[in-house]
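The values are calculated or read from the model by the stated rules, or taken from the named source; none is laboratory data. Predicted model only: the values in this text are computed from it and were never measured. Note that each Cβ is placed from the backbone with ideal geometry, even for glycine, and that neighbours are counted across all protein chains shown. Heads up: the accessible areas ignore ligands, DNA and RNA and are worked out on the full protein's heavy atoms, side chains in. Shrake-Rupley method; radii C 1.70, N 1.55, O 1.52, S 1.80 Å.
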Amino acid sequence: MIRFAEIVCPPDGRDRVQDVLAEFELLVGALPAGSRRGLAAAFLALDRGARLYPRSRGRRFSGLGDAAADAYLTALLARPGPAGNAARKLSSLVAMCYYELADVKAELGYRPGPYIAAVARRRLESYGAEIRAGEARVLAPDPPRAAGPGTP
């Protein structure tokens, strides 16, 4: 998994691999047990499958140098079918964990807070009356039920 993160993350992200793995563990911890086992099996297959790649000379993915690991992963990502699809999904999950890191978001200038606040203000100005009316209807006490036959 470490080697995979080193290859998938941007070149300047190698010093953040441990942080990416910690984020990935949080993500995986939120998944059902069956999904966690499936991810483990997919990573194992990717690691062991590298032995079949000619440039790996029979080595696992975790033991490949940068150029061979990148070439193997590039070839795998380009493959159609289940193997390529699984590699793309694994790559996407690790990349997502990289871009979820606070320092990466700061470097990218990703600050959604002010935008969200502005949109919330604008929507409240535009739809505030409807929102308040809907809340009043939902939160109003239920009307009393009419007494009918068989009602105590």
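Between Ala120 and Ala78, what is the spin-label point distance in nm, taking each point 7 Å from the Cα along the Cα→C-beta axis?
For Ala120 paired with Ala78, the spin-label model returns 4.7 nm.
Round to a whole number: what % of the accessible area of region 1-60 belongs to carbon and sulfur, probe 1.4 Å?
Of the solvent-accessible surface of region 1-60, carbon and sulfur hold 57 percent.
Once you put a point 7 Å from the Cα of Ala33 and another 7 Å from the Cα of Ala67, both along the Cβ direction, what distance in nm separates them?
Placing both labels 7 Å along Cα→Cβ, they lie 4.6 nm apart.
Ranked highest first by average number of other Cβ atoms within 10 Å, how do 33-40, 115-122, 84-91, 22-29 line up?
Ranking the peptides 33-40, 115-122, 84-91, 22-29 by packing returns 84-91, 22-29, 33-40, 115-122.
Under a crude label model (7 Å from the Cα following the beta-carbon direction), how far is Ala42 from Arg60 in nanometres?
1.9 nm
Around Val138, with a cut-off of 14 angstrom between Cβ atoms, what is the net charge of the other residues, counting Lys and Arg +1 and Asp and Glu -1?
Overall, the nearby charge balance is -1.
Using a 1.4 Å probe, what is the accessible area per residue for the chain, in Å²?
Per-residue value: 69 Å².
If R₀ is 41 angstrom, what is the calculated FRET efficiency for the pair Arg88 and Tyr127, using the beta carbon separation as r and rounding to 0.05?
After rounding to 0.05, the efficiency reads 0.55.
Can you give me the solvent accessible area of Leu44 with a 1.4 Å probe, rounded to the nearest 10 Å²?
So the heavy atoms of Leu44 present about 90 Å² to solvent.
When only the heavy atoms of the protein chains count and the probe is 1.4 Å, how do Tyr99, Tyr110, Tyr53 rank by accessible area, highest first?
Reading off the accessible areas and sorting them downward yields Tyr110, Tyr99, Tyr53.
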